[in-house]
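Have a look at the structure below before the remarks.
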Amino acid sequence: MLRTIFTWIENACENDEFEVVISMAEVYMERVNDLIDVTRKDLKVVDQKGKGAAIQDISEHFCCNEQEVYNLILKGLKQRKVCET
């Protein structure tokens, strides 16, 4: 899927502009934590009128290619808290 997105962007008109922005969070023990910038903890979920729910103050990372996206996903996955329930 990522390859499709970046191929589509590469083949788009020169006048078109795109931004690929990645954020990654988890809800653990009723707290929302940023998985990429681990200093951002206990974040708030807010309602953005006309847009829906969003996580306030979550980090946003701009990516130029597939590898940057994959690297951020791997970084976030390493930060997940996993335990038996």
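Derivation of every value follows stated rules applied to the coordinates shown; laboratory data play no part. Note that the structure is a prediction, hence the values are computed from the model and not measured. Note: ideal-geometry Cβ built from the backbone for every residue, glycine included; neighbour counts use all protein chains shown.
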Counting only residues that are surrounded by 10 or more Cβ atoms within 10 Å (Cβ to Cβ) and within 17 Å of D34 (Cβ to Cβ), the range 59-73 contains a total of 8
If I filter the range 12-39 down to residues being under 10 Å from the mean Cα position of the chain (by Cα) and among the small types (G, A, S), which single residue comes out as farthest from C83 (Cα to Cα)? S23
Where R40 falls short, out of the listed (1) closer than 20 Å to M1 by Cβ; (2) surrounded by 15 or more Cβ atoms within 10 Å (Cβ to Cβ): (1)
With respect to D34, is the statement that it is without any contact (Cβ under 8 Å) to a residue 40 or more places away in the chain and surrounded by 11 or more Cβ atoms within 10 Å (Cβ to Cβ) true? yes
Test: D42 is on the phi > 0 side of the Ramachandran plot and within 17 Å of the chain's Cα centre (by Cα): yes
